[in-house]
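Accompanying notes for the structure given below.
The values are calculated or read from the model by the stated rules, or taken from the named source; none is laboratory data. Since the structure is predicted, the reported quantities are computational estimates derived from the model, not experimental observations. Counting neighbours? That spans all protein chains shown, and the Cβs are built from the backbone with ideal geometry, glycine included.
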Amino acid sequence: MIEIDGSLGEGGGSIIRISSALSALTSQPIHISNIRANRSKTGLAAQHLNAVISASQISQASSKGLVIGSPDLEFYPKKLTGGKFSLDVKTAGSVGLILQTFMIIAPFASKKSTIDIMGGTDVRWAPSIEYIKHVTLPILQKMGYNAKINLIKRGHYPRGGGMVTATVYPLKKIKPLNLLKSEIDSIKGISHATNLPRHVAERQALAAEKIFKNNGFEVDIEIEHSSSNMGMGSGIVLWARGNTRIGSSELGKPSKSAEKVGMHAAENLIATIKTGSALDEHMGDQIVPYMALSRNSQIGLSKLTMHTLTNLHIVKKFIDKKFQITPKSVDNRVGMDLNKLKLENKDLKFKNPVIISCD
């Protein structure tokens, strides 16, 4: 059994999601202790629990400690099986974060896998469903990944109630990803508002368009206005297209004007594009497991985060691969030895673009 300290590095839900996914994929049982020990609310939350349930469903796993608030979890995977699955988070727990777990496992099942998930599609501290669909998935497609994601209904904090269907097709082998520099030819986006006036979505889009125009970028942003019996919310998701995908998003809230929502999302995307790196910081931690499952992958990352470093350490517990992190600005390519990092904040040295390679 692989022992995993849930307080390692960033100490959050990604440890649970990545560990359960790789446990299911490699048929290695795990014990995770100290789950979210450094958070104000410790233990498993609804979205973490449902991520593990998604891994359990597709790998026919048994478990101990799979309850809300549990500080310890044991997970015993069996044989991978495709098919139809469903989950209802019953809160605004992130659908995107649950998909991060399911999507690592599903392509290695013997047949296609379809999962319906009810929960939060646009919530804080998690990738929006459009980011998964328009950034994560196109990057994975470069590695041979084949999947479809369909947003049926949006769900916002605190009630959730969103619905997403994802279908993942079998894949025999993950191709290596070699993507260092970005070459951008267009920018797309969706500005949405649910149970709010249409002008909220329009103002978000107009503010973003103004920022892009002032910086020499053309942009096409779709306006989406909807109603729901599950609460209100708004946001904007932007993505740059070309040889890669780079994303940025911002959610509305009562204390923040629609103009600021659109402006901040646009400014963040422009800042990432200007680094010249192929992947944004959020895609960095998502791509790590797929790099480990391929051979000789190399990516350019706009900024190294504690999430990415933590995922690198978790992956190495399951898959014997050598990763190297190199500051993009260092010409002699002197890299960091991942094994020597203690995953404390003082060790997070790179705020500028880096290159991550995997043998």
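Annotations for the structure displayed:
- The stretch 157-173 - residue that is under 13 Å from Met118 (Cβ atoms) and modelled with pLDDT of 95 or more and, of those, surrounded by the most Cβ atoms within 10 Å (Cβ to Cβ): Gly162
- Among the residues of the stretch 197-217, some residue qualifies, meaning at least one is farther than 30 Å from Pro353 by Cβ and in a loop (DSSP other than H, G, I, E, B).
- Residue tally, condition on the phi > 0 side of the Ramachandran plot and modelled with pLDDT under 95, over the stretch 256-309: 1
- Residue match in the stretch 218-238 (condition: aliphatic (A, V, I, L, M), touching a residue at least 60 places away in the same chain (Cβ under 8 Å), touching a helix residue (DSSP H, G or I) at 6+ places or on another chain (Cβ under 8 Å) and closer than 19 Å to Lys133 by Cα): yes
- Top-ranked residue in the stretch 118-138 [being among the β-branched types (Val, Ile, Thr) and without any contact (Cβ under 8 Å) to a residue 60 or more places away in the chain; ranked as nearest to Ala240 (Cα to Cα)]: Ile132
- Answer from Ile98, Ile149, Ile117 - the residue that is more than 19 Å from Lys253 (Cβ to Cβ) and surrounded by fewer than 22 Cβ atoms within 10 Å (Cβ to Cβ): Ile149
- Residue within the stretch 64-79 that is β-branched (Val, Ile, Thr) and under 24 Å from Val168 (Cβ atoms) present: no
- Just one residue in the set Leu22, Leu8, Leu73, Leu87 is under 21 Å from Pro289 (Cβ atoms), modelled with pLDDT of 95 or more, assigned by TED's automatic domain parsing to the domain that holds Lys148 and surrounded by fewer than 24 Cβ atoms within 10 Å (Cβ to Cβ); that residue is Leu87.
- Residues within the stretch 224-270 that are over 24 Å from Gln141 (Cβ atoms) and among the hydroxyl-bearing types (Ser, Thr, Tyr), tallied: 6
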